[in-house]
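Below: the structure, in structure tokens.
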Protein chains: 2
Amino acid sequence: MNVNDPQNSSVFQEWMENRKQEIEHTLEQLLPPPDTRPAVVHKAMRYACLNGGKRLRGILTLGFCECLGSPARRAMKPAAALEIFHASTLIHDDLPCMDDDDLRRGQPATHIQFGEANALLAGNALLTLALGWMGETAVPLPHPPCMLVSELARAGGSEGVIGGQIEDLEAETTPADEEKVMYIHTEKTARLIACACRCGAICGGGCASKVERAGSYGMNLGMAFQILDDILDCTQSTEKLGKPAKSDEGHGKMTSVSLWGLEGARAKAADYTQKALEDLESLEGPTDMLEALTRWLLEREM
Amino acid sequence: MNVNDPQNSSVFQEWMENRKQEIEHTLEQLLPPPDTRPAVVHKAMRYACLNGGKRLRGILTLGFCECLGSPARRAMKPAAALEIFHASTLIHDDLPCMDDDDLRRGQPATHIQFGEANALLAGNALLTLALGWMGETAVPLPHPPCMLVSELARAGGSEGVIGGQIEDLEAETTPADEEKVMYIHTEKTARLIACACRCGAICGGGCASKVERAGSYGMNLGMAFQILDDILDCTQSTEKLGKPAKSDEGHGKMTSVSLWGLEGARAKAADYTQKALEDLESLEGPTDMLEALTRWLLEREM
């Protein structure tokens, strides 16, 4: 599908918008009400989750479930779980002892709004809840019944997202090389995006090999996504990003751009996008929307 | 069983010591090796977990599994999961933005040893891993297959342990009353101990009503345990506790002792212990060791 064709583009935009709204609605319903005791943590959890993110991870989960022939609702709770898990990592990343960022998506970061301790604990609560939601979702045979829990625990754990966060922080004080930047991009960003795709394929009833291919797509898309993020951090304004621009440079971080230059980074992102598209082709399902999503991410401006 | 009888006491001490060693061994085996990339987080995880805690939660999990007639090994992974989950809450509790304690079990707190960001992330990794281990454990029918995940996610979440941590922090700055202290003790301490007992009963093949009674025992034992903790905080030295003594007073915290006085608190602890013993009786299993454990906890000096 060519998303530059106005008609296709509007079909794709509508598909994205619908999935996004379903995820928002699910989060609104499933997150504990803001007056649940203790109110401050539940308000902080909702503040961090219901603030207009792109919902990329959740949309990918729904998209892969549909692509494999099952209704999106079968993957709705895992989609929501991936979103709140991601939100928990953002809360913690912004804390003073981590990246120390005051602004997130154009709003005060959670610890600015609610205080550090409440933000830390709201992050923990979202992390815990995400794994709980994975455990509450029916997994089609022949996969083990708690496979979604294992997928998220592995992707989000010390040899996944957390590993990436650790080395990302190290890279602020010790010189990084290409291998380290690749590790950080893979673990901190691509791993959870791949997990989102795998969880969607699992809920959609995909066999082990389709789950693998969904994961491979997610790794490639995740790398392209992170390289674009590095590019946008250099080229866009704080206003457009909704977070401090040039924060990587300010933190002295080695990024795709400092490593390969702007044009080199753009070429890398295009390469990964191409690989992701090849993974989709190998799935042999109706991948139109996922294809459009893949191309759209490469062209995004925020 | 009368644990004051020297012979019974040594049987009980041996039972405790064996269970403790099995848990230590399991943690040693299941935690990622310290040189796993990134090494700093895996070293911090092991540092926080392999530091000679009492292993009360894990021992209760094994004890309830055995009491219901199954071998302890069926509950070994959940027992280890409860211990690392507990360790993750201790890492986070000690952070500067929380209780700001430098000492834990006679050693530098994890953030003193490894830095704040690494400690925060090691805590997250342990929390994630604990839920992952729960998902890897077979749950006997008729319980749902991911029941252990749900148990820990609920007990450890925003309406459980985290709720207790939040109100505990609030109580440092706003006057607390008896209701609030009871809420904090229930959620911050008793909830996870009850979860340990419930998980053991589930792994042991207990029916829903036995799981409930195990949970009730755990709530009562947990309350007695926390009241004792408050008493010991006032009456013991830093050296004996392995953490700063009188830290509650220093933080201006309302505790069992400030609420009921020393003698009143002792009486409350004895009441809860009595209720816990009644819960055990209603289980109709071989509860000798759990009974001995219950009485022993009331008499502990650290």
- Query: For residue B:152, all conditions in the list (1) facing another protein chain (nearest Cβ under 9 Å); (2) within 21 Å of residue A:118 (Cβ to Cβ) hold save one; what is the number of the exception?
  - Reply: (2)
- Considering only segment A:37-78, state which residues are of a type in the set (Ser, Thr, Tyr) and more than 14 Å from chain B (Cβ to nearest Cβ). A:61, A:70
- Task: Give me a count of the residues in segment B:108-122 that are touching a residue at least 60 places away in the same chain (Cβ under 8 Å) and over 16 Å from residue A:96 (Cβ atoms).
- Result: 4
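Considering A:73, A:46, A:57, which residue is exposed (fewer than 15 other Cβ atoms within 10 Å of the Cβ) and at pLDDT 95 or above?
Answer to the selection: A:73.
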- Task: Inspect all residues belonging to segment A:189-202 and state whether any of them is facing chain B (nearest Cβ under 9 Å), assigned to a helix (DSSP H, G or I), under 24 Å from residue A:73 (Cα atoms) and touching a Leu at 6+ places or on another chain (Cβ under 8 Å).
- Result: no
- Restricted to segment B:106-138 and to residues being facing chain A (nearest Cβ under 9 Å) and in a loop (DSSP other than H, G, I, E, B), the residue farthest from residue B:31 (Cα to Cα) is B:115
- Scope segment A:139-161; condition in a helix (DSSP H, G or I) and touching a Gly at 6+ places or on another chain (Cβ under 7 Å); matching residues: A:149, A:150, A:153, A:154
- Query: Taking the stated definitions as given, is residue B:43 farther than 29 Å from residue A:85 by Cβ, out of contact with any Cys (no Cβ under 9 Å at 6 or more places or on another chain) and assigned to a helix (DSSP H, G or I)?
  - Reply: no
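Table: residues versus (1) closer than 22 Å to residue B:47 by Cβ; (2) crowded, with 24+ Cβ neighbours inside 10 Å; (3) modelled with pLDDT under 95.
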| position | (1), (2), (3) |
| --- | --- |
| B:111 | yes, yes, no |
| B:122 | yes, yes, no |
| B:146 | no, yes, no |
| B:155 | no, yes, no |
| B:161 | yes, yes, no |
| B:175 | no, no, yes |
| B:183 | no, no, no |
| B:188 | no, no, no |
| B:197 | no, yes, no |
- Message: Restricting to segment B:96-105, and then to whatever is under 19 Å from residue A:115 (Cα atoms) and touching a residue at least 12 places away in the same chain (Cβ under 8 Å), can you tell me which residue is farthest from the other protein chains (Cβ to nearest Cβ)?
- Response: B:101
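Yes/no matrix, rows are residues, columns are (1) modelled with pLDDT under 90; (2) surrounded by 13 or more Cβ atoms within 10 Å (Cβ to Cβ); (3) of a type in the set (Ser, Thr, Tyr):
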{"site": "A:251", "(1), (2), (3)": "yes, yes, no"}
{"site": "A:269", "(1), (2), (3)": "no, yes, no"}
{"site": "A:286", "(1), (2), (3)": "no, no, no"}
{"site": "A:295", "(1), (2), (3)": "no, yes, no"}
- Verdict on residue A:205 being outside any helix (DSSP H, G or I), more than 23 Å from residue B:114 (Cα to Cα) and away from every other protein chain (no Cβ under 14 Å): yes
- For segment B:151-169, state whether one or more residues are farther than 25 Å from residue B:97 by Cα and without any contact (Cβ under 8 Å) to a residue 24 or more places away in the chain. no
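The values are calculated or read from the model by the stated rules, or taken from the named source; none is laboratory data. Keep in mind that what you see is a predicted model, and the values were worked out from it rather than measured. Glycine gets a Cβ as well: all are built from the backbone with ideal geometry, and neighbour counts include every protein chain shown.
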